[in-house]
Amino acid sequence: MQIKQFVFNPFGVNAYVLSNSAGDSILVDPSVSDERERSALAAYIKDAGLKVCRVLNTHLHLDHVLGNAFVERTYGVKAEAHEADTFLLGLQKEQGDMFGLPFDDPAPALGGFLADGDTVEVPGIQLRVIHVAGHSPGGLAFYCENAGDGEGGEDAPVLFSGDILFAGSRGRSDLFGGDEAALVSGIKSKILTLPGNTVVLPGHGPFTTVDNEKMWF
Ligand SMILES: [Zn+2]
Ligand SMILES: [Zn+2]
């Protein structure tokens, strides 16, 4: 699996493009917010010859859904996320006003829901959906046990953790249905129980590992 990371929009969301050797790809939070970012994402997808198969949102806070409309228009693929976050799509203007984020290209309705234990798959890439409420009610992480490409490259497991877990901290729990106790217990039971060498690729900031984060909990 190839993983390309971008940092998009004024909130610095890590957007990830996962692809296999045949060019099938999965976008995680493709949160482009202006013309320059849209061009950068589109150029990468075009130059790498990728076909966008699935679009996943770790959660539906405005900073993570800013690119949903563009991606749907351009590639004809609707985003998927956890059902418990869908109310946030009705609060895009409120979030934009609150955080000074653009919302001139609102995210449309989702194409489908993802739940804990689901598998998202394109050939050679298998992601297990992990639901941890608390930063938002429908917060998701995506776990890839076999991230290696079989060519001797990186083959530690990988976790796309959204705003649930960051390097050295966790997501805030004071926004729209946040719940600190649920967040901490979900991290402990569902994320810190993954293999310690799992590389954690969060929704903001640098990567970390499960072992590195165990000391904070
Ligand atoms: Zn968030
Ligand atoms: Zn965020």
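Observations on the structure shown:
- Pairs over the 31 Å Cα-Cα cut-off, from the set 46/188; 78/214; 4/78: 46/188; 78/214.
- When you restrict to C-alpha pairs under 8 Å that are six or more residues apart and normalise by the size of the stretch 1-50, the relative contact order lands at 30 percent.
- Mean-position separation - Cα centroids, the stretch 82-103 and the stretch 136-200, in angstrom: 22
- For the stretch 69-217, the antiparallel share of DSSP beta bridges with both residues in that region comes to about 70%.
- Shown for 140, 62, 101: other C-beta atoms within 10 Å of each C-beta, ranked fewest to most, produce the order 101, 62, 140.
- Segment residue 48-residue 190, length gained on full extension (0.36 nm per residue, minus Cα span): 47.7 nm
- When each of 1, 98 is scored by the number of other beta-carbon atoms lying within 10 Å, the sequence from fewest to most is 98, 1.
- Mean Cα-pair separation over length for the stretch 2-216, i.e. relative contact order, pairs under 8 Å, 6 or more apart, %: 15
- Over 21 Å [Cα-Cα, the stretch 2-216], rounded percent: 50
- Once the Cβ-Cβ distance of residue 215 and residue 119 is raised to the sixth power relative to R0 = 35 Å, the FRET efficiency obtained is 0.70.
Readers should treat all values here as calculations from the given coordinates under stated rules, not as data from a laboratory. These numbers were taken from a predicted model, which means no experiment stands behind them. Every residue, glycine as well, gets a Cβ built from its backbone with ideal geometry; the counts of neighbours run over all protein chains shown.
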